[in-house]
Every structure is written in structure tokens, then in C-alpha cells.
Amino acid sequence: MPNWINEPFKGREKYQKMLTRAKATQRRKNKNKEYIVKEDTDNRVFYNDRPEEINNRSRIGDLEIDIIIGKDLSGGVLTVCDRKSLYTFAAIIPDHKAETVEKKLLELLTPYKNKIHSITSDNGKEFSNWEKISKKLGCDYYFCNPYHSWERGTIENTNGIIRRVYPKKTDFNLVDEKEFQYRIDLMNFRLRKRIGFKTPDELFHDRDSIWKTMKKIAL
């Protein structure tokens, strides 16, 4: 079936506004983003060398991470998503420094250290401390090939869901953190078709869905 909604025709804009996410007409390099410089001592392992068990989503604990950039490049959100369960961790950060990202990522994931097998990110300079992260969490770390954002499509989709509430040019310095975490919780308790109409929370934590629990209480 042709993707006619993205083909040029009169009145297309009317229908594109109804889409969950508008399709970009052309993907461009982010001019405001700095990337890790390749050196002779570069130990990065790339997407192509990931084991198949990560690619086929066969286990909990293979994560993708990214940064949602805030207004005027000031602050933003660190996002983390489990490939199998779609469980999301997210936190507002004041800047995009590697040290800030490392600290916040460890804060989010250390309580679940025993569950984590791998992390995949892009080559943004904010992930320069990847070796420290890998060592402290005891997990493997992989990078997407440059400008191949589809190699971590799970986190891209997750960011798109968050962007429905916090669109581009949102100043995350003004966003209430409790309200923000409440919205992330709603994502994790939402039934998802992709995982058999279960919730990310019940899959990641291996427990009954909150909806089943509420039903039992009601009875």
C-alpha cells in the first residue's frame, strides 16, 4: 500500500496534522550537536557487531539511550528505553555535558544494575564517558553508525511519545520534575500493542500489571 499521506498533493498538510508524528521531508545532520572524535585509541564497538540476542529483543536489559534537547540548547531530558519491554527511564538534566549525563544515567540505572546487559547510543559527545558507564554498570556498550538513527528506533519512538507532551522548544528548566515523572509513569503503565497489550512496567519488573491489581482490589 503506497504511503500516500506523505506524497505531495493538495491539502496534504490537513491530513499530516492528524498523524502521531509528522514525517520529516529530509533528514539533516544536527548542526548544534558535537560528536565523539575518532582516535587511534578508539575502543568503540558499533551496531554491526552487536550480538543477535540484542537485535531480536530476546531479553530484558538491552537499553537504548538518547538526549532530548531543550529550548536554546539549555538542558533537556536524558531518555532510556528497554528494547524488549519498552520500559522507559527519563530525567530532566541541566546541560549536555558528558559528566552530567554519566551521573544522571548511573543514578537512574544503578538500582537495576543486575538487569542491564547492554546500552546503545549515538555518537554524541554527551556520551563520551561511555567507558566509565560501561564499567560501573557492568554492561556492554554499543554505538550506532554515524547518522543511522534508525539503528536505535526504540528510543526514537519513545522520544516522539514524550514530544507529544513536551514539543520542540520546550524549556525543561521550567518543567516541574514531579509532573514530568508522573507522565513517564503513565507511559510505563500504558498497555502496548507491540508487547501483546501488556504494560512495560509488568514486563520489566516481572510482576502483575497495575490494571490486574486494581481489578482484584475492586472485586
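No lab work stands behind these numbers, since they all come straight from the coordinates. Because the structure is a prediction, the values reported are computed rather than measured. Using ideal geometry, Cβ is built from the backbone for each residue, glycine included, and neighbour counts are taken over all protein chains shown.
Between Thr120 and residues 5 or more places away or on another chain, which pairs have amide H atoms under 5 Å apart, with H built 1.01 Å from N, and which residues are they?
Leu63, Glu64, Ile65, Tyr142
Quick check: residue separation of Lys136 and Ile195 times 0.36 nm, minus the Cα distance between them. What number comes out in nm?
18.2 nm
Across region 52-58, in residue order, what do the Karplus-derived ³J(HN,Hα) couplings come to in whole Hz, using 6.51 cos²θ - 1.76 cosθ + 1.60 with θ = phi - 60° and x for Gly and Pro?
4, 5, 6, 5, 8, 6, 8
Over the Cα atoms of region 83-187, what radius of gyration and what Dmax do you get, in Å?
Values for region 83-187 (Cα only, Rg and Dmax): 14.0, 36 Å.
For region 77-116, what are the per-bin percents of Cα-Cα distances with bins 10 Å wide, up to the bin holding the maximum?
28, 55, 18
Which parts of region 150-172 would a label at Leu73 reach, counting a residue when its backbone N lies under 19 Å from a point 7 Å out along Cα-to-Cβ?
Output list for this probe position: 168-172.
Can you work out ³J(HN,Hα) from phi for every residue in region 160-170, in order, using Karplus 6.51 cos²θ - 1.76 cosθ + 1.60 and θ = phi - 60°, giving whole Hz and x for Gly and Pro?
Couplings: x, 5, 5, 5, 5, 8, 10, x, 4, 6, 5 Hz.
If packing is taken as the average count of other Cβ atoms within 10 Å, what order do 148-154, 198-204, 175-181 fall into, highest mean first?
Descending packing order for the listed peptides: 198-204, 148-154, 175-181.
In region 135-151, whose amide N lies under 18 Å from the spot 7 Å out along Cα-to-Cβ of Leu106? List them in ranges.
In region 135-151, the label zone of Leu106 (backbone N under 18 Å from the point 7 Å along Cα→Cβ) covers 135-141.
How far apart, in nm, are the 7 Å Cα→Cβ label points at Val45 and Gln181?
The modelled label-to-label distance comes out at 3.3 nm.
Using every alpha carbon pair in region 41-115, what percent of pairs falls into each 5 Å bin from 0 up to the bin containing the largest distance?
Spelled out bin by bin, region 41-115 gives 3, 14, 21, 19, 20, 14, 7, 1 percent.
For Phe46, list long-range residues whose amide hydrogen, built 1.01 Å from N in the peptide plane, is under 5 Å from its own amide hydrogen.
So Phe46 has HN proximity to Phe143.
Provide Rg over Rh for region 134-219; use the alpha carbon set for both Rg and the Kirkwood Rh (inverse mean inverse pair distance).
Value, to two decimals: 1.05.
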